[in-house]
Structure formats: structure tokens, C-alpha cells
1. For PHE73, all conditions in the list (1) touching a Lys or Arg at 6+ places or on another chain (Cβ under 8 Å); (2) assigned to a loop (DSSP other than H, G, I, E, B); (3) open to solvent by 70 Å² or more (accessible area, probe 1.4 Å) hold save one; what is the number of the exception?
2. Return yes or no: is ARG36 open to solvent by less than 30 Å² (accessible area, probe 1.4 Å) and out of contact with any Phe, Trp or Tyr (no Cβ under 8 Å at 6 or more places or on another chain)?
3. Considering region 39-53 alone, what residues qualify as being of a type in the set (Val, Ile, Thr) and either open to solvent by less than 30 Å² (accessible area, probe 1.4 Å) or farther than 28 Å from GLY77 by Cα (or both)?
4. Only one of (1) touching a residue at least 40 places away in the same chain (Cβ under 8 Å); (2) buried (at least 20 other Cβ atoms within 10 Å of the Cβ); (3) part of a strand (DSSP E or B) is not met by ALA56, so which one is it?
5. Which members of region 98-107 meet the condition of being farther than 30 Å from ILE13 by Cα, touching a Gly at 6+ places or on another chain (Cβ under 9 Å) and in a strand (DSSP E or B)?
6. Return yes when TRP68 is of a type in the set (Phe, Trp, Tyr) and in a helix (DSSP H, G or I) and no when it is not.
7. Select from region 108-154 the residues that are open to solvent by less than 20 Å² (accessible area, probe 1.4 Å) and in a strand (DSSP E or B) and list them in ascending order.
8. Report the residue count in region 1-33 for those that are buried (at least 22 other Cβ atoms within 10 Å of the Cβ), in contact with an Asp or Glu (Cβ under 8 Å, 6 or more places away or on another chain) and outside any helix (DSSP H, G or I).
Amino acid sequence: MTRSARTTYTLDISPADLATALAAPEFAVARLAAARREDPVLVSHSTGHGRTRITARYFTRKDELPGWMQGRFPDHGPENVRTEDWVVDGDGLSGKFTVESTSNSTSLRGTYRVSPTATGSEWVVEATASAGIPLLGRKIEAFLLASLDSACAQEAQEMSAAAVRIG
């Protein structure tokens, strides 16, 4: 089973300034914190030749899980590993990402595209959620996409705030 979504966010930062911010490991952690990820840990961060690769581990907050999911996770929400590959692409940025749960057989895979606008940029996130869990898979996929949308909206605010810190 899979379910897909495409969402556009407005950023108050240029693609070039965002590329600069992405090169800082502390920015990766700030984005996870802004997205309300529990106990985020930066696993690896590398940058060079117009590319940035970020891998982080975190828990989904239990209070953000639907009630029918909360009982399955007694201490905290599921643990996830997110990997992002960002590339400077002309006057914008593009990227691929995966979020895989180490707690169950769910994942998100998708792409990023950051394009310049007159006042900053436009961040397009396309994602496909997959949950190989019988009977509940479609509900879980819908939750994953909604959680991604909420996280990206909050990360967009952090990305825009980076423009103030850079400028």
C-alpha cells in the first residue's frame, strides 16, 4: 500500500542562503527541534561540491499519535531515521529524502525542490508513504503524510528564521 501527497511551503530565504544554512550541522538539529521531533540526534552530516547529506534519528512525539496508535508505543512514539540529500541545482536546490521507522514497517520517500521567488523561495515537498501493516496501513499512511506536512510547515518557519540569522 502507498499514498502520496504534494505540498508547497513559502520560505523567506533564498535558495543560496538555504544552501549555506544546510551546510551547518546545527541547522539540521534546529530543523528537527522546530518540527517537534523528540530526542533528535544528528547521526551524520557531510557537505561539499554543492551537496549536503544529513542523517538524523528521532522519535515521533507520542502526544502527536492518533489515540489508536498510542497504546502500541508505551514510552514514546516510533523511532525514525531521516536521510536527506540536498543538491544545488542551478538557481535552486533539489533533494531526495527517506524517513524509515525502526519500530515498524513504515516509511516516507520523496523529493524536495526549492525555487527562487521575488521574496525568498518556494519549497515543494512530494512524498509517498508506505505502511506494510495489514488492515491499518491506509490509516497509518494518512497519519504519516499529515505528520510530514505538520513537520515541514514548522521546518519552513525555521528555514525562514535562518535568513534573519544569516543576513
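The values are calculated or read from the model by the stated rules, or taken from the named source; none is laboratory data. Note that this is a predicted model, so its numbers are computed, not measured. Glycine gets a Cβ as well: all are built from the backbone with ideal geometry, and neighbour counts include every protein chain shown. These accessible areas exclude ligands, DNA and RNA; they are computed on the full protein's heavy atoms, side chains included. Shrake-Rupley method; radii C 1.70, N 1.55, O 1.52, S 1.80 Å.
1. (3)
2. No.
3. THR47, THR52
4. In the conditions (1) touching a residue at least 40 places away in the same chain (Cβ under 8 Å); (2) buried (at least 20 other Cβ atoms within 10 Å of the Cβ); (3) part of a strand (DSSP E or B), ALA56 misses (1) alone.
5. Within region 98-107, just THR106 meets the criteria.
6. When the stated conditions are applied, TRP68 passes them.
7. Once the filter is applied, which keeps residues that are open to solvent by less than 20 Å² (accessible area, probe 1.4 Å) and in a strand (DSSP E or B), region 108-154 yields LEU108, GLY110, TYR112, VAL114, SER121, TRP123, VAL124, VAL125, ALA127, ALA129, ALA131.
8. 1
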